[in-house]
Amino acid sequence: MDKILSRVSSAAGALAVGAFTVNSCIYNVDGGERAVMFDTLRGGILPDVRDEGTHFMIPVVQRPVIIDVRTKPREIPSVTGTKDLQMVNIKLRVLWRPVIEKLPQLYRELGTDFDERVLPSIGNEVLKSVVAQYNAEELLSKRAEVSARIKTELIKRGAHFHLTLDDVAITHLTFGHEFMKAIESKQVASQEAERQQYVVQRAEQERIANVTRAEGEAEAATIITKAMEKTGNAIVEVRRIDAAKDIAKKLAKGRNITYLPGGGGGSGGGGGNPGLLLSIDK
């Protein structure tokens, strides 16, 4: 029995040592990652890159360094000056990833935090150099052009550090308080100028209308004067008869209008009193 237990213990110990040895000799590279190998016997970082999967290594002698190679966003803020000396607060959103073939060199020169070392510096450098070529108004009217130039320059600078920039976009753009106040004052002045222009145009239209109306009245008076010179008071009588017809037509439509004939006899001729029109409320 003691021999059996001894053999079992030896087998278990050998199995544990073997499992530990095997576990120490393999490592896994997950999806979206790559590994570079540090070898103490062959002079540091090896030039080849390990893909996703399970790989073997020599314990103590070799040490794998896992690096994430997926595309990641990065925001780069900067405060810089424009061509007309206006201060602008600008932010860039950058989608970046490392060049897989250059991972050994990238790790050897910059370590695993290469994005912290590279992106802020080249981002600020490119922003300051591009923004300084435009004035404040052009940054707003030519925003697409500015963004395209920043993207081109950043891609060139990123390639020097073995970084691939998939997209670069301006996400935030604001100016100083003085410039925003000047823009607001300019807008108010422009609106006031447009209002004054409208007032002037309206006054001009009213003047033309008044002149036309006065010319029409003068022409009508001239025609009436000429007609009276030819016919005497006949045209006045015609106008009075027309007015009387209009009054009679309007009164005829009223329900509460009553006519009272005037007093006086018929022998006196036209000496009688005229009739009355009364409006009687019911």
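The values are calculated or read from the model by the stated rules, or taken from the named source; none is laboratory data. Model, not experiment: these values are computed from the prediction. When we count neighbours, we look across all protein chains shown, and the Cβ atoms used for this are built from the backbone with ideal geometry, even at glycine. Note: accessible area is taken over every heavy atom of the protein model, side chains too, but ligands, DNA and RNA are not part of it. Shrake-Rupley method; radii C 1.70, N 1.55, O 1.52, S 1.80 Å.
Scanning region 50-76 for residues that are out of contact with any Phe, Trp or Tyr (no Cβ under 9 Å at 6 or more places or on another chain), part of a strand (DSSP E or B) and open to solvent by less than 40 Å² (accessible area, probe 1.4 Å) yields Gly53, Ile76. Candidates Ala244, Ala234: the one that is modelled with pLDDT of 75 or more and either out of contact with any Gly (no Cβ under 7 Å at 6 or more places or on another chain) or surrounded by 10 or more Cβ atoms within 10 Å (Cβ to Cβ) (or both) is Ala244. Only residues that are open to solvent by 70 Å² or more (accessible area, probe 1.4 Å) and touching a Ser or Thr at 6+ places or on another chain (Cβ under 8 Å) were counted in region 77-105, giving 3. For region 110-140, a residue qualifies if it is open to solvent by less than 30 Å² (accessible area, probe 1.4 Å), of a type outside the set (Gly, Ala, Ser) and farther than 19 Å from Asp166 by Cα, and the qualifying residues are Val130, Val131, Tyr134, Leu139. Look through region 29-49, keep the residues that are among the small types (Gly, Ala, Ser) and open to solvent by 20 Å² or more (accessible area, probe 1.4 Å), and return whichever of them is farthest from the chain's Cα centre (by Cα). It comes out as Gly43. Just one residue in the set Ala159, Ala169, Ala148 is loosely packed, with under 14 Cβ neighbours inside 10 Å and in a strand (DSSP E or B); that residue is Ala169. Exactly one residue out of Leu106, Leu92, Leu119 is in a helix (DSSP H, G or I), within 30 Å of Phe179 (Cα to Cα) and in contact with a helix residue (DSSP H, G or I) (Cβ under 9 Å, 6 or more places away or on another chain): that is Leu119. Among the residues of region 50-86, the one identified as more than 34 Å from the chain's Cα centre (by Cα), at positive phi and among the hydrophobic types (A, V, I, L, M, F, W, C) is Val60.
Pairs are defined by a Cβ separation below 6 Å, a sequence spacing of at least 6 or placement on different chains, a first member in region 100-123 that is of a type outside the set (Phe, Trp, Tyr), and a second member that is in a helix (DSSP H, G or I) and open to solvent by 80 Å² or more (accessible area, probe 1.4 Å); the pairs so defined are Leu110/Arg117. Being open to solvent by 60 Å² or more (accessible area, probe 1.4 Å), assigned to a helix (DSSP H, G or I), among the hydroxyl-bearing types (Ser, Thr, Tyr) and at pLDDT below 75, is that true of even one residue in region 258-280? Within region 258-280, not a single residue is open to solvent by 60 Å² or more (accessible area, probe 1.4 Å), assigned to a helix (DSSP H, G or I), among the hydroxyl-bearing types (Ser, Thr, Tyr) and at pLDDT below 75.
Of everything listed in (1) at pLDDT 85 or above; (2) open to solvent by less than 70 Å² (accessible area, probe 1.4 Å); (3) over 30 Å from Val118 (Cα atoms), the single unmet condition for Ala221 is (1).
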